[in-house]
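Novice: Take this structure first; my questions come after.
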Amino acid sequence: MFSTFLYIMMAIAAVVFVSLYFVEAGYGMLVSSRWGKLINNKVAWFFMEVPVFAAMVVLWLLSPEKFNLVPLVFFIIFQTHYFQRVFIFPFLMKGNSKMPIGIMLMGVCFNFLNALMQGYWIFFESFNQNYTVFGLTYNNVEWLWSPWFLVGLAIFLFGFVTNLHSDFIIRHLRKDPSDTKHYLPQGGMFRFVTSANYLGELMEWLGFAILTWSLAGLVFFIWTAANLVPRANTLYHKYEKEFGEEMRGRNLKRVIPFVY
């Protein structure tokens, strides 16, 4: 039943990926009232992200193996990202930007479903299995010092730092609170792509999929790509219209350095 749920989520992600090349998700630079009443961006981000953090805590409390080392490590890594997204990121936002309530509600729905995907696997399945990678098998605790866990953790942490640094750059593009102009981000991974913040998030969840070596983690990475890669493409074309000459001079890609 659980694996069927994951495959259904994967199929929906494919539909979302294709759709977002034709339909703009109206938030951020692309904010639009077509998606519902506009509300304060800080409030919207908090309520959009908090369900996954809270649901993961509930699932952890319900787990019969809540203090088993491996799921506990997975839990801490996952919640590190969402603690920042729920309790820090929204309150660092500057200005009076808005988000449509429809976008917020879709985010709430996905985040709740994602908590079920990740939480069920981490807290009710992961401690019952060994990890087999290219013919090598690791028992539950051995996995935490396997090369695959360590590589996945390194990718996750690099993505986490990239995401934080890119958000910092974006927040400081405007020096004057009354300024509403758009600016082309520079520095950090913005030297290579126009959506370095999305690159960071993609790397986080790719790393998480590797370090958990789970179908649930892979589905989350696929969903992240399905949402962020088409959006990065849309933003790239928006930047092209506003900063065409500068972009051509810097040879920027959308979200994957040197590739796309």
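The values are calculated or read from the model by the stated rules, or taken from the named source; none is laboratory data. Note that the structure is a prediction, hence the values are computed from the model and not measured. Reconstructed Cβ throughout: ideal geometry from the backbone, glycine too, with neighbour counts over all protein chains shown.
Novice: Criterion first (crowded, with 18+ Cβ neighbours inside 10 Å and over 19 Å from the mean Cα position of the chain (by Cα)) does W45 satisfy it?
Specialist: It is false that W45 is crowded, with 18+ Cβ neighbours inside 10 Å and over 19 Å from the mean Cα position of the chain (by Cα).
Novice: Mind checking whether some residue in region 176-197 is at pLDDT 95 or above and over 22 Å from M29 (Cα atoms)?
Specialist: Within region 176-197, not a single residue is at pLDDT 95 or above and over 22 Å from M29 (Cα atoms).
Novice: Scanning region 1-13 for residues that are touching a residue at least 12 places away in the same chain (Cβ under 8 Å) and surrounded by 12 or more Cβ atoms within 10 Å (Cβ to Cβ), which turns out farthest from the chain's Cα centre (by Cα)?
Specialist: Among them, the one singled out is F2.
Novice: All but one of (1) in contact (Cβ under 8 Å) with a residue 40 or more places away in the chain; (2) in contact with a Lys or Arg (Cβ under 9 Å, 6 or more places away or on another chain); (3) not basic (K, R) hold for H172; which doesn't?
Specialist: The single condition H172 does not satisfy is (1).
Novice: Among residues belonging to region 191-208 that are in contact (Cβ under 8 Å) with a residue 60 or more places away in the chain and of a type in the set (F, W, Y), point out the one that is surrounded by the fewest Cβ atoms within 10 Å (Cβ to Cβ).
Specialist: Selected residue: F192.
Novice: Which residues, taken from region 48-89, are surrounded by fewer than 18 Cβ atoms within 10 Å (Cβ to Cβ) and within 15 Å of F112 (Cβ to Cβ)?
Specialist: Matches in region 48-89: V50, A54, V57, V58.
Novice: Determine if region 234-246 includes at least one residue that is in a loop (DSSP other than H, G, I, E, B) and either without any contact (Cβ under 8 Å) to a residue 60 or more places away in the chain or surrounded by 22 or more Cβ atoms within 10 Å (Cβ to Cβ) (or both).
Specialist: No, there is no match, as no residue in region 234-246 is in a loop (DSSP other than H, G, I, E, B) and either without any contact (Cβ under 8 Å) to a residue 60 or more places away in the chain or surrounded by 22 or more Cβ atoms within 10 Å (Cβ to Cβ) (or both).
Novice: May I ask you to list the residues in region 17-41 that are of a type outside the set (G, A, S), crowded, with 16+ Cβ neighbours inside 10 Å and modelled with pLDDT under 95?
Specialist: L20, E24, Y27, V31, W35, L38, N41
Novice: Let me ask something else. Only one residue in L6, L30 is of a type in the set (A, V, I, L, M, F, W, C) and closer than 24 Å to S195 by Cβ. Which one?
Specialist: Only one candidate qualifies: L30.
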